[in-house]
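Colleague: Structure below; questions to follow.
The values are calculated or read from the model by the stated rules, or taken from the named source; none is laboratory data. The structure displayed is predicted, hence computed values, not measured ones. Positions of Cβ are backbone-derived with ideal geometry, glycine not excepted, and every protein chain shown enters the neighbour counts. For the accessible areas, the whole protein counts, side chains as well, though only heavy atoms, and no ligand, DNA or RNA atoms are used. Shrake-Rupley method; radii C 1.70, N 1.55, O 1.52, S 1.80 Å.
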Amino acid sequence: MPNRSHSFYSYLSLISRSTTPLHLLQILSHSIISGHHPNLLLSTHLISHLSSSHHHSLSLLLFSSIPNPDLFLFNTLLRSTPSPSLSLSLFSSLPHLHLHPNPFTFSFAISSSSSFPSPFPGRSLHARSILSGFSSDPFIGSALTNFYLNFADSLSAHKVFDRIPQPDTVSWNSLLSGLIKNNAFSQSLIVFNRMFSSGTSFDPTTFAVILPAIAESQDLNLGLEVHCLAVKSGMASRSHVVTGLISMYSKCGEVSMARFLFNDIERPDLVARNAMISGYSVNQDVGLSVSLFRDLMAIGGKPSSSTLVGMIPVFSPFGHGFLSRCIHGFVIKCGFDSNSPVLTAIMTVYSRLNDLDSAQKVFYEMPEKSLASWNAMISAYAQNGLTEMAISLFQDMQALNVRPNPVTVTSTLSACAQLGALSIGKWVHRIITEEDLELNVFVSTALIDMYAKCGNIKEARKVFDSTKDKNVVSWNAMISGYGLHGDGHQALKLYSEMLTARIAPTSVTLLSVLYACSHGGLVEEGEAVFESMASEHEVNPGPEHYACMVDLLGRAGKLKQALEFIETVAVDAGAGVWAALLGACMKHKETSVAQIASNKLFELEPENSGYYVLMSNIYSANREFPQAAMVRETAKSRNLAKTPGCTLIEIGEKQHVFTSGDRCHPQTEAICAKLEELTAKMIEAGYRVETDAALYDVEEEEKEHMVKVHSEKLAIAFGLINTEPGTEIRIIKNLRVCLDCHNATKFISKVTERLIVVRDATRFHHFRDGLCSCGDYW
DNA sequence: TTGTGTAAAC
């Protein structure tokens, strides 16, 4: 303790060395006793110290005891006030204190209003700062940039930022980190480029902020450049920067480079270790990930939630038993049983193991659902084919006002695409626009795919054309979209544009192009593409490509050539090629090649009921009924169930599903009446029942030569009743549309003057005025 | 500064 002879300055120096609030208060009382009443300077120091040791109530107490605080003292208090509502009420007390806010006052108040639940106080501070004449202050500008991006308002953020005359490093960093918080990774890389060209110098924060964005976009070249910049500016060994580099290299697949940097760290902290552990994990190196984890335990380190989140994904290949026994148990033992990120990682693993029940259980029992956990559940549903569940969960989010991010809408759109739910897909598109979510390459590709799969190929193309950062996946989605719609020529045209743009085709690209040729009947073009695969594009054909070639040749009626292709080129290509050949035999009503193909298939995949159905139908089509019956008997004796056909139609935003011979729908009678009315008109127009169609139905006995009304006809009739004349009708069928339904739909489109769009298991059919876009080639 | 969740063909 100082004695009476101590000067005012010795109190100051004591304050700066004090660590506990008690100690600070002792000094304060001592100074008062010894006649040194706490003046402004002394109080300011005290407040600053109390705040940095998180004793906010004490600093507030001290502040209120000071009769005439100055602005500097006020700002010091404001800067360290943890609660946004408290700092807002402090701000409004300025007039009582006869103080005028300066730029620091505004920027501190704005910073804390970023964590206020509503954006209004921050906006009003923005307005008041302009009225006070600070419209282009760099400090306020940075704080506002940050504030607006915290409320996902990137338009306002950019406006504010552009008003800063000479943005400094901190301003740029605020913009960058805000964009990244909003998942606007590609945009952040553009801003980073602008920052670089402006000549603004980087600080360690700049590197720490931009490296995750580079990692996210997997742009290794940019990562290397930034690494060089960091080395040149002498910041490459700062701990935050190294961690960012380790993570960036791992995510770009350069895990050995990451390890090299890691080994160079003298005493790696927990964060660096976590980055390295997850680096091995994303690169599927179980051994090294676990061994680093062991190192951590060996030095007595305590794993953080990030350690577990980083390590958990590597365990999914071990299978369910291991996970539930060890990992889930370990998480609970470590006290992370209510930690949202850790539980989200567990959910993802369950989902990858197709154990949706467990994933769902973790999700619904989570005490606090984060955005990531909502996303994990939606994508778990979407990836496991539970499309309605995925969509309904997204609708729940909307109802609960949980704001989606690009990841959320990407998964939801994927569900819409699978389901063919166009109206919901459009609704999601509107949400993306209204909420100003970043249209990153994932979102735009998902939109392209959704529009294409839901039948709106023009809208798909519109999105495709307006997408700036297309990658090969976007091109693939668009090309396969054309294939789906039977437009082989557009698919080939786009493919050649892609080659001109010097984008290397992947095996998926080539498969999509081949399918488009096959669906469009472009045999020679398809053969040329197949030839070019290995020779020009260094892609070796896989079983799918071979099957597609068989499909291409077989559909065109070249069954012998297709068989030869299998026996000479596509040897050991598996069941796919034979299935394609069998399908082609059905189209051309050919039994001898079909026998060879089906025998192969019964041998390769005896459990697949589809082949028995197909073979039996081929016999029936050729009036070889005893053989047909025999095949069906075999299938029956093996207890093989066939997939029931069903058709979906959307009226408004509601989906209606019909099965074959369905009489469950409330409007059943009206539907039957409509069908009778239609049949009469169709027969008048020349329609005759295709008898072969009856033979598609293996479960129907021959006693009935009548076709049980297939689900697509029910759905079309239902659509006709419930929509205005002239509206187009869109239906989605899970199996391939049968010959009779295809023919009937042509007539329906004619007699009702409607455009009818049918999506079946493999492609789209646009029926208009008695004709189908597939040219009866399907 | 690390960690969760995302699109294309079959």
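Colleague: Explain nothing, just the number: relative contact order of region A:588-653, from Cα pairs under 8 Å at least 6 residues apart, as a whole percent.
Modeller: Working: 44 pairs, mean separation 20.5, N = 66.
Relative contact order for region A:588-653 comes out at 31 percent.
Colleague: Quick one: which of A:616-627, A:443-454 comes out on top by average Cβ neighbours within 10 Å, and what's the full order, highest first? Spell out each step's value before the answer.
Modeller: Numbers: A:616-627: 18.2, A:443-454: 27.2.
Going from most to least packed, we get A:443-454, A:616-627.
Colleague: Follow-up question, since we're still on this one. Please report the spacing between the Cα centers of region A:287-303 and region A:609-668 in Å, no decimals.
Modeller: Computed from Cα coordinates, the inter-centre distance equals 56 Å.
Colleague: Compute the long axis of helix A:185-198 from its Cα atoms, compare it with the longest principal axis of the Cα atoms of chain A, and write down the angle in degrees, 0 to 90, nearest 10.
Modeller: That helix lies at roughly 50 degrees to the long axis.
Colleague: Under a plain spin-label model, where a point goes 7 Å from the Cα along Cα-to-Cβ, how far apart in nm are A:Leu94 and A:Glu225?
Modeller: Placing both labels 7 Å along Cα→Cβ, they lie 4.2 nm apart.
Colleague: Pull up all non-local amide H partners of A:Ser660: gap of 5 or more, or a different chain, and H-to-H distance under 5 Å with H placed in the peptide plane.
Modeller: For A:Ser660, the qualifying residues are A:Gly645, A:Ser711.
Colleague: Now for a separate question. So which aspartates and glutamates can A:Lys674 reach, going by Cα to Cα under 16 Å and dropping same-chain residues fewer than 8 places off?
Modeller: Result set, ordered by chain and number: A:Asp662, A:Glu684, A:Glu712, A:Glu724, A:Glu753.
Colleague: Quick one: check the C-alpha center-to-center distance for region A:399-430 versus region A:77-152, whole angstrom.
Modeller: Answer, in whole Å: 36.
Colleague: Follow-up question, since we're still on this one. As a test, work out the antiparallel percent of DSSP beta bridges whose residues both lie in chain A, rounded to the nearest 5. Each step should come with its number before you reach the end.
Modeller: On the way: 15 of 19 bridges.
Counting only bridges with both partners in chain A, antiparallel ones make up about 80 percent.
Colleague: If you roll a 1.4 Å probe over region A:540-605 with all protein chains in place, what percent of the accessible area is carbon or sulfur? Show your work: numbers first, answer last.
Modeller: Values: 1350 of 2760 Å².
Carbon with sulfur: 49 percent of the solvent-accessible area.
Colleague: Pairs A:Lys453/A:Lys654; A:Lys654/A:Lys750; A:Lys462/A:Lys493; A:Lys587/A:Lys746; A:Lys654/A:Lys733; A:Lys713/A:Lys750: which are spaced more than 25 Å apart, C-alpha to C-alpha?
Modeller: Details: A:Lys453/A:Lys654 18 Å; A:Lys654/A:Lys750 27 Å; A:Lys462/A:Lys493 16 Å; A:Lys587/A:Lys746 18 Å; A:Lys654/A:Lys733 16 Å; A:Lys713/A:Lys750 15 Å.
Flagged as over cut-off: A:Lys654/A:Lys750.
Colleague: Could you tell me the distance between the Cα centroids of region A:530-576 and region A:467-528, to the nearest Å?
Modeller: Computed from Cα coordinates, the inter-centre distance equals 17 Å.
Colleague: Further question on the same structure: Find the relative contact order for region A:550-642 and round it to a whole percent, using C-alpha pairs within less than 8 Å whose residues are 6+ positions apart.
Modeller: On the way: 112 pairs, mean separation 21.5, N = 93.
Taking the mean separation of contacting Cα pairs over the length of region A:550-642, I get 23 percent.
Colleague: Residue separation times 0.36 nm, minus the C-alpha to C-alpha distance between A:Phe120 and A:Ala761: what's the value?
Modeller: Details: separation 641, 0.36 × 641 = 230.76 nm, distance 5.08 nm.
Length gained between A:Phe120 and A:Ala761: 225.7 nm.
Colleague: While we're here: So for each of A:61-73, A:381-393, A:303-315 I average, over its residues, the number of other beta carbons within 10 Å; can you give me the resulting order with the highest mean first? Walk me through the numbers before you get to the answer.
Modeller: Numbers: A:61-73: 14.8, A:381-393: 19.5, A:303-315: 21.3.
Per-residue Cβ counts within 10 Å, averaged per peptide and sorted highest first, yield A:303-315, A:381-393, A:61-73.
Colleague: Need one number: nm distance between label points at A:Asp168 and A:Ser65, each 7 Å from Cα along Cα→Cβ, rounded to one decimal.
Modeller: Distance between the two pseudo-spin positions: 3.5 nm.
Colleague: I would also like to ask the following. Can you tell me the length gained on complete extension of the stretch A:Ser83 to A:Gln26, counting 0.36 nm per residue apart and subtracting the Cα distance? Intermediate values should be presented prior to the final figure.
Modeller: Numbers: separation 57, 0.36 × 57 = 20.52 nm, distance 2.70 nm.
Full extension from A:Ser83 to A:Gln26 adds 17.8 nm.
Colleague: Tell me which of A:Ala629, A:Gly526, A:Tyr546 sits at the most positive position along the dipole axis of region A:526-646, charges placed on C-beta atoms (Lys, Arg +1; Asp, Glu -1).
Modeller: Of the listed residues, the answer is A:Ala629.
Colleague: If you don't mind, there's one more thing I want to ask. Just to confirm the number: angle between the C-alpha axis of helix A:592-604 and the first principal axis of chain A, 0 to 90 degrees, nearest 10?
Modeller: 40 degrees
Colleague: Once you place label points 7 Å from the Cα toward the Cβ at A:Arg502 and A:Thr591, how far apart are they in nm?
Modeller: Spacing of the two 7 Å Cα→Cβ label points: 5.9 nm.
Colleague: Next question. As I understand it, the value is the acute angle between the Cα axis of helix A:220-232 and the longest principal axis of the Cα atoms of chain A; what does it come to in degrees, rounded to 10?
Modeller: Taking the Cα atoms of chain A, the angle to A:220-232 is about 20 degrees.
Colleague: Next question. Based on DSSP H runs of at least 4 residues, each adding -39500 (n - 2.57), what is the mean residue ellipticity at 222 nm of chain A after dividing by all its residues, to the nearest 500 deg cm²/dmol? Numbers along the way, then the final one.
Modeller: On the way: 41 runs with 499 residues, N = 778.
Value at 222 nm, helices only: -20000 deg cm²/dmol.
Colleague: Further question: Quick one: compute the contact order of chain A, relative version, from alpha carbon pairs under 8 angstrom and 6+ residues apart, as a percent. Working shown, then result.
Modeller: Numbers: 1123 pairs, mean separation 36.3, N = 778.
5 percent.
Colleague: Oh, and also: Nearest 0.05, what FRET efficiency do A:Val569 and A:Glu633 give at R0 = 41 Å with Cβ-Cβ as r? Numbers along the way, then the final one.
Modeller: Working: r = 35 Å, r/R0 = 0.86.
After rounding to 0.05, the efficiency reads 0.70.
Colleague: Keeping every protein chain present and rolling a 1.4 Å probe, give me the accessible area per residue for chain A in Å².
Modeller: On the way: 36520 Å² over 778 residues.
Normalised by residue count, the accessible surface of chain A is 47 Å².
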